[in-house]
Ligand SMILES: C[S@@+](CC[C@H](N)C(=O)[O-])C[C@H]1O[C@@H](n2cnc3c(N)ncnc32)[C@H](O)[C@@H]1O
């Protein structure tokens, strides 16, 4: 059953963190001439309207990207991210928010390639139309977890894998581990970025432990911004676990995370963590 629609959450605090990190990883990849692939295993619809009923059901973007729109003192990394979002809109307007496929499209170079997977029929149709006639992108209506290993290694032997499942079904957690370990067996040098939510039930702790077992070159960046709701539930924050991270990423995010955490905090205990091994 596919109940999750990212349109309800576009531009929230988790999107801000994940798309900012994704953009920085791709900027690093662009420093070498050799072309690369970006494989987005859970692509979503590609572009979202912040004026839609979906986005305004809970208006999560107001606690995310909207908190950065008017900031005049953004650190460089966040300025680059906000500039990318602004370029998706008419000048001065903030009605559109790009999903990861659009962040990727706007970050890669002419010879780089994108492979996008999406299972939800409606979001797949929107995504396919959005990338219609884009010669750099191939869009698949398929299971991104299961399809990953067949794409690896990519022809140029350079790739970023971006894995951003909904985790609404608990089986997504073991599927992340399975897809990562299969991917690493076929392509150990790849950069793998896994997004995960921080929920009250704490599933991310075991997930991170398992991901750490897979590689000795990892970086974990997480941000806690919210308290549990009245029922004791909610997404308290999120994180990115990166295998084979660009060497400069930890340093860059160290400069940004204090500012970002303060801007996106919804309670006094907001915090962030950056840990490498
Ligand atoms: C969190 S959203 C992705 C958001 C997107 N990566 C972004 O940053 O804009 C997760 C998406 O994965 C899709 N999905 C769920 N399971 C999938 C699977 N096994 N393979 C591919 N897509 C899947 C959902 O329909 C949903 O659109």
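The values are calculated or read from the model by the stated rules, or taken from the named source; none is laboratory data. The model shown is predicted, which means the values in this text are computed figures rather than measured ones. So basically every Cβ, Gly included, is an ideal-geometry build from the backbone, and we count neighbours across all protein chains shown.
Considering region 89-127 alone, what residues qualify as being crowded, with 16+ Cβ neighbours inside 10 Å, without any contact (Cβ under 8 Å) to a residue 60 or more places away in the chain and under 21 Å from residue 54 (Cβ atoms)? Even if it seems obvious, please write down each step before you answer.
Here is the first cut: in region 89-127, the ones crowded, with 16+ Cβ neighbours inside 10 Å are 94, 96-105, 107-108, 112-120, 123-124, 126-127.
Checking the rest, the ones that are also without any contact (Cβ under 8 Å) to a residue 60 or more places away in the chain come to 94, 96, 102, 105, 124.
Matches in region 89-127: 94, 96, 102, 124.
Would you list the helices (runs of 4 or more DSSP H) that sit entirely within region 65-176 and hold 3 or more residues that are within 18 Å of residue 190 (Cα to Cα)?
144-151
For residue 104, are the conditions met, namely being in contact with a strand residue (DSSP E or B) (Cβ under 7 Å, 6 or more places away or on another chain), within 12 Å of the ligand (Cβ to nearest atom) and closer than 13 Å to residue 40 by Cβ? Spell out the reasoning first.
On the way: in contact with a strand residue (DSSP E or B) (Cβ under 7 Å, 6 or more places away or on another chain): yes; within 12 Å of the ligand (Cβ to nearest atom): yes; closer than 13 Å to residue 40 by Cβ: yes.
Against the criterion (in contact with a strand residue (DSSP E or B) (Cβ under 7 Å, 6 or more places away or on another chain), within 12 Å of the ligand (Cβ to nearest atom) and closer than 13 Å to residue 40 by Cβ), residue 104 qualifies.
Look at residue 27 and say whether it is at pLDDT below 95 and surrounded by 15 or more Cβ atoms within 10 Å (Cβ to Cβ).
Numbers: at pLDDT below 95: no; surrounded by 15 or more Cβ atoms within 10 Å (Cβ to Cβ): yes.
Criteria not met by residue 27.
Looking at 4, 48, 97 in this structure, which one is modelled with pLDDT under 95, over 20 Å from residue 246 (Cβ atoms) and under 20 Å from the mean Cα position of the chain (by Cα)? Please lay out each step first, then the result.
On the way: 48 fails: modelled with pLDDT under 95; 97 fails: modelled with pLDDT under 95.
From the options 4, 48, 97, the qualifying one is 4.
Is at least one residue of region 46-61 surrounded by fewer than 23 Cβ atoms within 10 Å (Cβ to Cβ) and within 11 Å of the ligand (Cβ to nearest atom)?
yes
Looking only at region 123-142, count how many residues are in contact with a strand residue (DSSP E or B) (Cβ under 7 Å, 6 or more places away or on another chain) and within 12 Å of the ligand (Cβ to nearest atom). Lay out the reasoning, then the answer.
The first filter runs over region 123-142 and keeps only residues in contact with a strand residue (DSSP E or B) (Cβ under 7 Å, 6 or more places away or on another chain), leaving 127-128, 130-131, 136-140, 142.
Add one more test, that the residue is within 12 Å of the ligand (Cβ to nearest atom), and what stays is 127, 130, 139-140, 142.
The qualifying residues number 5.
Just to verify a result, which residue in region 158-180, among those that are surrounded by fewer than 16 Cβ atoms within 10 Å (Cβ to Cβ) and more than 10 Å from the ligand (Cβ to nearest atom), is nearest to residue 117 (Cα to Cα)? Working first, answer last.
We begin by selecting, within region 158-180, every residue surrounded by fewer than 16 Cβ atoms within 10 Å (Cβ to Cβ); these are 168-171, 174, 178.
Now drop any that are not more than 10 Å from the ligand (Cβ to nearest atom), which leaves 170, 174, 178.
Details: 170: 20, 174: 19, 178: 17 Å.
Restricting to residues being surrounded by fewer than 16 Cβ atoms within 10 Å (Cβ to Cβ) and more than 10 Å from the ligand (Cβ to nearest atom), the top hit is 178.
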